[in-house]
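The values are calculated or read from the model by the stated rules, or taken from the named source; none is laboratory data. Source: prediction; values computed, not measured. Neighbour counts run over all protein chains shown; Cβ positions are idealised from the backbone, glycine included. Protein only, heavy atoms only, side chains kept; ligands, DNA and RNA dropped before computing areas. Shrake-Rupley method; radii C 1.70, N 1.55, O 1.52, S 1.80 Å.
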Amino acid sequence: MATPFRRLPLFLALALLLLPAALAVSVDVRAAGGKAQFKNASKYSGWVKEMKQAPKGPFKRIRWYCADGTVHPPKAYACAKRGGGIQHGEWNDRTVAMRRDGYYVGNVIAELEPGDFTGSKADLDQLSQVLVERFLRVADQGWIFRGARGYRGALQAEDEEATARKVMLAMLGDSRWRDPARFALIREAARLLPLQADAVSALEVRQLAVVIANADPGFKNLRAKIHGFPDAEDAGRVRDHASRKGKAAMKAQYAKLAADIDRMYAPQAAPALLRLATATKSAAFAKSLRQGAKLLGAGASETQRVKIASRAMAQLRDQFPNEKSPETALLLLLTSLQLEAEAYAAGNVLVSKISGTKRKERLEWLGEGASGLYGAGFITQRHRQGVVESLKRLTKGGSVSVNTYREE
């Protein structure tokens, strides 16, 4: 039976099918944050459009911010006698006005205070906005930081990464962040904050393909392929285009895209499981992780990879509240993201072969994908069990009417 989802990656198809549940989670997070701001929305929307084109983005100049509270022009060792400090862009007047009205734009991760996101008054609204902006920076060619990417000193990667880690460890040291209701938010924080400098996401691959296609019209068909029907062989296709029809000035961009695709599809989950097995203090959990790593080793089929990775994601979510060490809990979240990438890559291969599969096999994929969605925090255990029960009714043996099939 052909479906509207047949051409979508497995997890994306499931996410669309179960979107109401995912939206319920996001609404809960907003409610927990407490404040929804819409003041001056029309005016600020125009400002955002202008910032996206501005050479300095949300900033007006570079400054040193010293530990003693003083601010200084950019010069060598400006904070050396003031307890140290960090250098980054200073917000322009429009950015300041938007932030005053509750729109947290132009976020400098290095300036975040870990204490703002812990305790009974944790600012979940600000954290959510920081994460949305991190997403937009990847999805929209830098968003309001588009021009600032070439503005030297606007952000310092090492300061951003160090503070992001401090924020994550502070949250993971707060028992409130082990509440199942916050799992999706803390996991997205692990995904979107600058914790893994070498991580490659499918979103980044697609965005780079867009950038290349905008500069090289001959790349547009391949860009469409990478967006709609991605697979591991796309890396070879990019290299082939670069060598035969590519623009010489874009050689580095073609090479980066091909390398990023290779990295995205390279097996990463098994080593991550072994690292987590070494870190956890649960012997039973460690044993299970090692078994999963072994099964994900060489020779595992795409079906097996989706099954093992998705079930492991679910197991990690269940184990998350029990990992009391903030460092181990962070490693667990990062491992969960690696497992998601494994399932995504294998699922893309399965979807590319869907026309030759039977309905029963597709239903099995959906069942495993539901475990992955639960492990990602998109659905609850009750939602997951509902999928399992539905699939049981469809595969219990005997014939199933078309109406029953559609209803389930």
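So is A283 over 30 Å from S390 (Cβ atoms) and surrounded by fewer than 22 Cβ atoms within 10 Å (Cβ to Cβ) or not?
Numbers: over 30 Å from S390 (Cβ atoms): yes; surrounded by fewer than 22 Cβ atoms within 10 Å (Cβ to Cβ): yes.
Yes.
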Failed criterion for A298 (all others in (1) assigned to a loop (DSSP other than H, G, I, E, B); (2) farther than 29 Å from I261 by Cβ; (3) of a type in the set (A, V, I, L, M) hold) | (2)
Verdict on K75 being loosely packed, with under 15 Cβ neighbours inside 10 Å, within 29 Å of G377 (Cα to Cα) and of a type in the set (K, R) | no
Could you give me the residue pairs with C-beta distances under 6 Å whose first residue belongs to region 120-148 and is within 18 Å of A189 (Cβ to Cβ), whose second residue is at pLDDT 95 or above and surrounded by fewer than 16 Cβ atoms within 10 Å (Cβ to Cβ) wherever it lies, and which are 6+ apart or on separate chains?
-> D123/D116
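Mind listing whichever residues of region 352-391 are closer than 30 Å to L185 by Cβ, assigned to a helix (DSSP H, G or I) and among the aliphatic types (A, V, I, L, M)? Give the steps one after another, and end with the answer.
So the first thing to find is which residues in region 352-391 are closer than 30 Å to L185 by Cβ, and the list is 365-391.
Adding the requirement that they be assigned to a helix (DSSP H, G or I) leaves 365-375, 381-391.
L366, A370, L373, V387, V388, L391, listed by residue number.
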For residues in region 104-137 being part of a loop (DSSP other than H, G, I, E, B) and open to solvent by 40 Å² or more (accessible area, probe 1.4 Å), which is farthest from L155 (Cα to Cα)?
-> S120
Only residues that are surrounded by 13 or more Cβ atoms within 10 Å (Cβ to Cβ) and either free of Cβ contacts under 8 Å to residues at least 40 places away in the same chain or touching a His at 6+ places or on another chain (Cβ under 7 Å) (or both): list them for region 365-384, please.
-> G367
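A157: modelled with pLDDT of 90 or more, farther than 30 Å from H241 by Cβ, more than 17 Å from the chain's Cα centre (by Cα) and surrounded by fewer than 15 Cβ atoms within 10 Å (Cβ to Cβ), yes or no? Walk me through how you get there before you give the answer.
Numbers: modelled with pLDDT of 90 or more: no; farther than 30 Å from H241 by Cβ: yes; more than 17 Å from the chain's Cα centre (by Cα): yes; surrounded by fewer than 15 Cβ atoms within 10 Å (Cβ to Cβ): yes.
Here the answer is no, as A157 does not meet what is asked.
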Can you give me the number of residues within region 59-98 that are outside any strand (DSSP E or B) and closer than 23 Å to W47 by Cα?
-> 7
For Q338, which of the numbered conditions (1) buried (at least 18 other Cβ atoms within 10 Å of the Cβ); (2) more than 21 Å from the chain's Cα centre (by Cα); (3) closer than 21 Å to A266 by Cβ fails to hold?
-> (2)
From (1) among the aliphatic types (A, V, I, L, M); (2) open to solvent by less than 40 Å² (accessible area, probe 1.4 Å); (3) more than 25 Å from the chain's Cα centre (by Cα), pick out the condition that doesn't hold for A298.
-> (2)
When region 293-316 is checked residue by residue, the ones that are over 21 Å from I379 (Cβ atoms) and of a type in the set (G, A, S) are A293, G297, A298, G299, A300, S301
Looking at this structure, is A312 among the aliphatic types (A, V, I, L, M), touching a residue at least 24 places away in the same chain (Cβ under 8 Å) and part of a helix (DSSP H, G or I)?
-> yes
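Okay, residues lined up against (1) touching a Lys or Arg at 6+ places or on another chain (Cβ under 7 Å); (2) outside any helix (DSSP H, G or I); (3) charged (D, E, K, R):
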residue	(1), (2), (3)
A213	yes, no, no
G218	yes, no, no
D240	no, no, yes
S243	no, no, no
Q253	no, no, no
M264	no, no, no
L289	no, no, no
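Residue-by-condition table, conditions (1) open to solvent by 30 Å² or more (accessible area, probe 1.4 Å); (2) in a loop (DSSP other than H, G, I, E, B); (3) more than 12 Å from L333 (Cβ to Cβ):
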{"position": "G153", "(1), (2), (3)": "no, yes, yes"}
{"position": "A164", "(1), (2), (3)": "no, no, yes"}
{"position": "M171", "(1), (2), (3)": "no, no, no"}
{"position": "W177", "(1), (2), (3)": "no, no, no"}
{"position": "A181", "(1), (2), (3)": "yes, no, yes"}
{"position": "L185", "(1), (2), (3)": "no, no, no"}
{"position": "A189", "(1), (2), (3)": "no, no, no"}
{"position": "L195", "(1), (2), (3)": "yes, yes, no"}
{"position": "E204", "(1), (2), (3)": "yes, no, yes"}
Only one of L333, L394 is assigned to a helix (DSSP H, G or I) and modelled with pLDDT of 95 or more, namely L333
Which of the residues spanning region 320-335 are free of Cβ contacts under 8 Å to residues at least 60 places away in the same chain and open to solvent by 30 Å² or more (accessible area, probe 1.4 Å)?
-> N322, K324, S325, L331
